[in-house]
Protein chains: 2
Amino acid sequence: MTAGPYVVPVGHVSSPLTDPGAAPKQGDEGGADAWITFGDTYRAAARDLTTGAEVLLLTWLHRADRDTLVVHPRDDPAAPLRGVFATRSADRPNPIGVHRVTITAVEPGRIRVRDLEAVDGTPVLDVKPVLAGER
Amino acid sequence: MTAGPYVVPVGHVSSPLTDPGAAPKQGDEGGADAWITFGDTYRAAARDLTTGAEVLLLTWLHRADRDTLVVHPRDDPAAPLRGVFATRSADRPNPIGVHRVTITAVEPGRIRVRDLEAVDGTPVLDVKPVLAGER
């Protein structure tokens with residue numbers, strides 16, 4: 001494995017979800033309402049986020065196993081092994097979570113989002129607006 | 001800026017697009033057909049990708065300026081400055097591109113995708129299937 005560039009956490013998730021085993025596998029299976037708190041350095045980047053906006057939230061799934069290349073989908077040992085690029089497993093070479101969520105509140109330095117499946121303390125890497133072609 | 005974990009390139013883009021200035025701003029404005037070639041280490045992760053599948057391709061936009069927090073959208077100096085988290089600018093603290101593309105061919109160690117706006121040589125970080133809730 002050849003190491004590439006660093007990522008920087010621009011914020012973190014505050015959520016009632018704390019146990020990765022109990023966390024839902026996907027947001028549409030029912031995540032939790034969560035706050036995203038931005039680091040002071042990155043507040044300017046977040047200044048135009050608005051309530052009601054649909055965004056892609058990128059996280060760093062810090063508990064993932066980066067050496068995993070194939071998995072039993074949904075942790076079901078009876079399911080045939082699949083290459084991780086054909087799954088949404090957190091275990092993968094670059095454990096970047098892509099979460100499509102709606103912003104439900106905006107406060108100085110933080111936003112609230114609905115149905116996020118990331119556990120408390122998960123580092124946030126980026127927020128992007130959803131494009132028309134992605135709806 | 002506190003450095004976080006490394007990302008690793010799992011492959012790279014081969015595309016006729018070479019000039020970032022000439023590249024379309026978004027895939028739905030007409031990108032180019034491109035090959036994604038996986039590094040030998042990561043072939044197993046890609047083994048279940050299939051023609052016709054709609055995927056999120058995550059790239060590392062290696063020419064981006066990571067110190068940029070606000071931009072004039074679409075490089076239009078007349079456009080009011082916006083925080084980058086409310087834009088799809090490549091310039092942002094973690095320049096991770098999220099490209100929603102369709103796989104049009106699968107060969108050993110590589111896949112072909114339609115309408116990708118990333119330039120030739122762009123490192124690839126991840127491939128994920130599009131979820132039903134994201135359609």
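The values are calculated or read from the model by the stated rules, or taken from the named source; none is laboratory data. Since the structure is predicted, the reported quantities are computational estimates derived from the model, not experimental observations. Using ideal geometry, Cβ is built from the backbone for each residue, glycine included, and neighbour counts are taken over all protein chains shown. For accessibility, only protein heavy atoms count, side chains too; no ligands or nucleic acids. Shrake-Rupley method; radii C 1.70, N 1.55, O 1.52, S 1.80 Å.
List, please: which pairs have Cβ atoms under 7 Å, are six or more places apart or on different chains, and start with a residue in the stretch B:44-55 that is at pLDDT 95 or above and end with one that is aromatic (Phe, Trp, Tyr) and open to solvent by less than 60 Å² (accessible area, probe 1.4 Å)?
B:ALA45/A:PHE85; B:ALA46/A:PHE85; B:ALA46/B:PHE38; B:LEU49/A:PHE85
Pick from B:THR87, B:THR104, B:THR59, B:THR68: which is of a type in the set (Val, Ile, Thr) and closer than 21 Å to B:VAL8 by Cβ?
After applying the criteria, what remains is B:THR59.
From the list A:PRO123, A:PRO129, A:PRO95, pick out the single residue that is in contact with a helix residue (DSSP H, G or I) (Cβ under 8 Å, 6 or more places away or on another chain) and either modelled with pLDDT of 95 or more or aromatic (Phe, Trp, Tyr) (or both).
After ruling out the rest, the residue left standing is A:PRO129.
I'd like the full set of residues that are facing chain A (nearest Cβ under 10 Å) and under 26 Å from B:LYS128 (Cα atoms), limited to the stretch B:57-86.
The answer is B:LEU57, B:LEU58, B:TRP60, B:HIS62, B:ARG66, B:VAL84, B:PHE85, B:ALA86.
Scan the stretch A:87-108 residue by residue and report those that are farther than 19 Å from B:PRO95 by Cα and either open to solvent by 20 Å² or more (accessible area, probe 1.4 Å) or away from chain B (no Cβ under 12 Å) (or both).
Within the stretch A:87-108, A:ARG88, A:SER89, A:ALA90, A:ASP91, A:THR102, A:THR104, A:ALA105, A:VAL106, A:GLU107, A:PRO108 meet the criteria.
Just name the residue that is surrounded by the fewest Cβ atoms within 10 Å (Cβ to Cβ) out of those in the stretch A:14-34 that are at pLDDT 70 or above and within 20 Å of A:ASP65 (Cα to Cα).
Applying the filter and picking the extreme gives A:ASP19.
Please give the number of the condition A:HIS62 fails out of (1) under 14 Å from the mean Cα position of the chain (by Cα); (2) open to solvent by 60 Å² or more (accessible area, probe 1.4 Å); (3) at pLDDT 95 or above.
(3)
Return the residues of the stretch A:109-120 that are of a type outside the set (Asp, Glu) and open to solvent by 40 Å² or more (accessible area, probe 1.4 Å); say none if nothing qualifies.
A:ARG110, A:ARG112, A:ARG114
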